[in-house]
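A.B. asks: Below: one structure in structure tokens.
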Amino acid sequence: MKLIKGAKGVAVIGCPSPGFTLEKPLLHSNKVPEWEPGFEPERLCMDDMLDVYCGEFGSWQLRHFVLTSLAWALEALHTMVMIFADREPDWRCVKGSGSGCDDKVTSVCGLEPGSWEWEGGPESSTVAQWGLVCGEKYKVGLVQALFFAGCTIGAGVFGRLSDSELGRTGSLKAVCILNAIFGCLTSLAPDYITYLLLRFLTGFSTGGVGLCSFMLATEPVGPTKRGAAGMFTFCFFSTGIALLSGIAYVFPTWRDLYVASSVPSILFLVLVIPFISESPRWYLVRGEMNEAMKIMQEIAKSNGNNLPEGVTLALDEEVNNAPNDYQSCSQEEPAGSMVDITRSPAIRIQLYLSVAINFTCSVVYYGISLNVVNLETNLHLSVLLNAVAEMLAFTITTVLLDRFGRKPLAIGTQWFSAIFCLMGCFVGNVGIWKVGKLCCGALGIFGMAGTYNMLFIYTAELFPAVLRNTALGSATQAAQMGAILAPLVVVLGRVLPFLVFGICGLVGGLFAFYLPETMNKTSYDTTGGIEQEKADWRIT
């Protein structure tokens, strides 16, 4: 899942599968360690075993976290490659054409064919290749929007496959293979329609990358470290964007760029995945106890701890029904639905606000990322600057989340972004003012990336356990709709996108103002607790 940047899922950074949990085994077998007659092993759920015996975040988890999170960089390459591949390059008049094309003309619209040419030739971008300008400019936004639509579908498909037969590592292998294939095929696209289809298919496979990576990176981490680890995964996404800037500089033509951005997926398959372990939680819920225990023993040994032979893993529900002292694992709650959410006035309002905030945040985050093509500055430098701003925002938000609370950060980061986006509307694209516009964009994405980073956790904490998965699924889908809309906003021109982003930031911050603070608050299991809290608040 992406902590939705949202797929970026945390929003469900890239694109989580709504309504799916790991609380029941999919294929429960009876494979258990063989004990001597009369011996009763100590049965612990995974969180307790990590806490008591293995270590919550030791050297094993650190190595595994870094290796698996590298996949986020791959997702960034396949997602943001459109910035360079679909850009509108500079053009110039053809000398001696005698058609009225001169330095005073600012647009190719209306000029006679042959009176002007693209700098770098038609291979410099898809826009130059197929003439996606003037009345055809909407096609650029369309192909980018369909990519994100593919992400939405792919996240649901690979989310389910990663929970079933393929597992986390199997699904990660599959999406990397598909990304490499679709990326290389895209470089051979003979026409716009083929290009459109291949970008949709690339989005389909890309939608599963961040999801599988996130689960592999965080599931072996202890409960008190898992939140910070999950939020820090987004730094790898920003690192991938920064890397893309360098790759695009070395490979300036769009066909070469698609090949170059696909090669890292092949390298990841060959050099990284062989050293990644399957999630022990996946083995556990499938009843493959021996495999799960092997990984837990490996974690304990690598972290310098000892896992006694008389200790074994158990599902949460088995531990809660067992007569031992460890009762901290959460019991399974009955699944809720949208009908259950709308029955409770307090929860209904919180859902509407959360959905709206996830939507506006995604529009701004992806919109600013893609809008660098309208800044008329050095594209490689602009993308690199935005990536650095994102990394700083992710790090700062992770540190401040438990100090200042969710609500102040949600309001502050969105309004911070809105202020600089609105300032970008009034900054011109001439001379030194281009630098000012570039800075406005970087500071705008700095603020919204901070929101994106903490939004998944905040959204999860707003709802009781019985409705949490349903609410998260709704918020995630809203974020994906925002990602689909963002490219269509970017094609509006140079001024209007900043205005739209500024308004979205202001509205999102206003919505967050009406949400309750959840830091250090009780996490309710049912709707009754929240309704009672609201009633008590009104009385006082």
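A.B. asks: So how far apart, in nm, are the two label points at D90 and V250 if each is 7 Å from Cα heading toward Cβ?
C.D. replies: Result for the modelled spin labels: 2.4 nm.
A.B. asks: Looking at the range 136-183, what % of the alpha carbon pairs are farther apart than 13 Å?
C.D. replies: Every Cα pair in the range 136-183 considered, those over 13 Å come to 64 percent.
A.B. asks: Please work out the Cα convex hull volume for the range 178-235 and give it in Å³ per residue.
C.D. replies: Spelled out: Cα convex hull of the range 178-235, divided by residues, is 79 Å³.
A.B. asks: Calculate, in whole percent, how much of the Cα-Cα pair population of the range 132-213 lies beyond 15 Å.
C.D. replies: In whole percent, the share of Cα-Cα pairs in the range 132-213 beyond 15 Å is 57.
A.B. asks: Could you give the nm distance between label points at T194 and L271, where each point is 7 Å from its Cα heading toward the beta carbon?
C.D. replies: 3.1
A.B. asks: Kirkwood Rh over alpha-carbon pairs of the range 370-414, then Stokes-Einstein at 20 °C and 1.002 mPa s: what D in µm² s⁻¹, rounded to an integer?
C.D. replies: So the translational diffusion coefficient is about 176 µm²/s.
A.B. asks: Expressed in nm², what is the orientationally averaged projection area of the convex hull enclosing the Cα positions of the range 220-314?
C.D. replies: 8.7
A.B. asks: Also, quick follow-up: Per residue, how large is the accessible surface of the range 344-386? Use a 1.4 angstrom probe and give square angstrom.
C.D. replies: Value returned for the range 344-386: 29 Å² of accessible area per residue.
A.B. asks: In nm, to one decimal, how far is the modelled label at R63 from the one at N305, with both set 7 Å along Cα→Cβ?
C.D. replies: 1.7
A.B. asks: Using 10 Å bins from zero, what percent of all Cα-Cα pairs in the range 412-455 falls into each bin?
C.D. replies: Pair shares across the bins are 34, 45, 18, 3.
A.B. asks: Let me ask something else. FRET efficiency for L499 and Q297, Cβ-Cβ distance as r, R0 = 51 Å, nearest 0.05?
C.D. replies: 0.35
A.B. asks: Calculate the translational D of the range 162-294 in whole µm² s⁻¹ from Stokes-Einstein, where the hydrodynamic radius comes from the Kirkwood formula applied to all Cα pairs, the temperature is 10 °C and the viscosity 1.306 mPa s.
C.D. replies: 97
A.B. asks: Can you give the local net charge around C421? Use residues other than it whose beta-carbon is closer than 14 angstrom to its beta-carbon, Lys and Arg +1, Asp and Glu -1.
C.D. replies: Combined, the nearby Lys, Arg, Asp and Glu give +2.
A.B. asks: Heavy-atom accessible area per residue, the range 78-236, 1.4 Å probe: how many Å²?
C.D. replies: 38
A.B. asks: Considering the zone a paramagnetic label at T377 would reach in this model (a point 7 Å from Cα along the Cα-to-Cβ line), which residues of the range 394-432 have amide N under 13 Å from it?
C.D. replies: Answer for the range 394-432: 421, 424-425, 427-432.
A.B. asks: Around E298, what is the net charge, scoring Lys/Arg as +1 and Asp/Glu as -1 over all other residues with Cβ under 12 Å from its Cβ?
C.D. replies: Local net charge: +1.
A.B. asks: Rounded, prolate or oblate for the range 341-407? Axes are the square roots of the Cα gyration tensor eigenvalues, ordered a ≥ b ≥ c, and the cut-off for rounded is a/c under 1.5.
C.D. replies: Here the range 341-407 falls in the oblate category.
A.B. asks: Going 7 Å from the Cα of W433 in the Cα-to-Cβ direction, what parts of the range 361-381 have a backbone nitrogen less than 11 Å from that spot?
C.D. replies: none
A.B. asks: Now for a different question. Considering the range 352-478, what Rg and Dmax in Å follow from its alpha-carbon atoms?
C.D. replies: 15.7, 56
A.B. asks: OK, next. Please compare each pair in K225/K294; K173/K301; K225/K407; K137/K437 to a cut-off of 25 Å on the Cα-Cα distance and tell me which ones are over it.
C.D. replies: K173/K301
The values are calculated or read from the model by the stated rules, or taken from the named source; none is laboratory data. Since we're looking at a predicted model, the values are computed, not measured. FYI the Cβ positions are ideal-geometry reconstructions off the backbone, even for glycines, and counts take in every protein chain you see. Surface areas here come from the heavy atoms of the whole protein model, side chains and all, with no ligands, DNA or RNA. Shrake-Rupley method; radii C 1.70, N 1.55, O 1.52, S 1.80 Å.
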